[in-house]
Amino acid sequence: MTIIVLFGAPGSGKGTQGALIAEKYGFLHLSTGLMLRDEVKKGSELGKEIDKYISKGDLVPNEMMCSILKEELNIYINEKGIIFDGFPRTISQAEFLDIILKENGLKIDLMVDIQADEDILIKRLIKRGTMSHRSDDTHDTILKRLKIYEKETKPIIDYYKKTNRYNSVVSINSIEDTFENIVNLIEHIEM
Ligand code: ADP
């Protein structure tokens, strides 16, 4: 199974690129944001708990997130590939991912950081907020999520750099351009 980690700030285009990769390669697109919002929609006890964090723009606590992810991974273990979108978001999640993949005889085959400047990110997220009905796409929450990204999520870059697994593409031109660069990286995965 091929494991791809899509990394990037909120609004960088992980979701868009994840869907395109899934379509081209027949991999499963595992968006933790989508997964969490689905649970909230179900109205389960867990969903209610999750909503407390998401709607404020806070991260779901590591322990809760990791146990949800572990269960999901069990379901998808026979897929051709998995694209992680939105996970890991903290160093401890990155460590956790390495551990559970290893337990299943797997490893990250490609980590890609999708880079975009903050002003572009803010513009995109505000635009998305006017179209989507996501409770977390409001101006204040967007700024908070970008702050949390800088503090909690960005340090993961060093974690992957130290282990020689870091790759990046810039997401400033078109969706197609970014996709082409990612495909280029996928085609060079050593199996
Ligand atoms: P974005 O990348 O635009 O922030 P997502 O759909 O990836 O959107 O995530 C939405 C929200 O879901 C996050 O702000 C956070 O509250 C929660 N979330 C998603 N993934 C994680 C994660 N790995 N750890 C903790 N919380 C998460």
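Brief remarks follow.
- Close pairs (8 angstrom Cβ cut-off, 6 or more residues apart or separate chains): modelled with pLDDT of 95 or more in the range 64-87, among the charged types (D, E, K, R) anywhere: 64/49; 65/89; 68/39; 85/14; 86/14
- Residue within the range 147-162 that is within 9 Å of the ligand (Cβ to nearest atom) and over 23 Å from residue 108 (Cα atoms) present: yes
- Qualifying residue in the range 107-119 (condition: more than 26 Å from residue 173 (Cα to Cα) and more than 15 Å from the chain's Cα centre (by Cα)): yes
- Screening residue 47 on (1) touching a Lys or Arg at 6+ places or on another chain (Cβ under 8 Å); (2) not in a helix (DSSP H, G or I) shows it passes everything except condition (2).
- Some residue of the range 39-53 being touching a Phe, Trp or Tyr at 6+ places or on another chain (Cβ under 8 Å) and at pLDDT 95 or above: no
- Count of the range 70-87 residues, restricted to those that are within 11 Å of the ligand (Cβ to nearest atom) and either of a type in the set (D, E, K, R) or surrounded by fewer than 20 Cβ atoms within 10 Å (Cβ to Cβ) (or both), is 1.
- If you go through the range 10-27 and keep only what is over 29 Å from residue 143 (Cα atoms) and part of a helix (DSSP H, G or I), you end up with 22, 23, 24, 25.
- Scanning the range 54-69 for residues that are within 10 Å of the ligand (Cβ to nearest atom) and either surrounded by fewer than 16 Cβ atoms within 10 Å (Cβ to Cβ) or more than 18 Å from the chain's Cα centre (by Cα) (or both), we see that the one that is nearest to residue 146 (Cα to Cα) is 58.
- Selection within the range 180-189 - exposed (fewer than 12 other Cβ atoms within 10 Å of the Cβ) and in a helix (DSSP H, G or I): 184, 187
- Any hit, the range 138-153, residues being among the β-branched types (Val, Ile, Thr), within 30 Å of residue 39 (Cα to Cα) and exposed (fewer than 15 other Cβ atoms within 10 Å of the Cβ): no
- If you go through the range 8-53 and keep only what is more than 14 Å from the ligand (Cβ to nearest atom) and either among the aromatic types (Phe, Trp, Tyr) or crowded, with 16+ Cβ neighbours inside 10 Å (or both), you end up with 20, 21, 22, 25, 27, 28.
The values are calculated or read from the model by the stated rules, or taken from the named source; none is laboratory data. Source: prediction; values computed, not measured. Backbone-built Cβ (ideal geometry, glycine too); neighbour counts: all protein chains shown.
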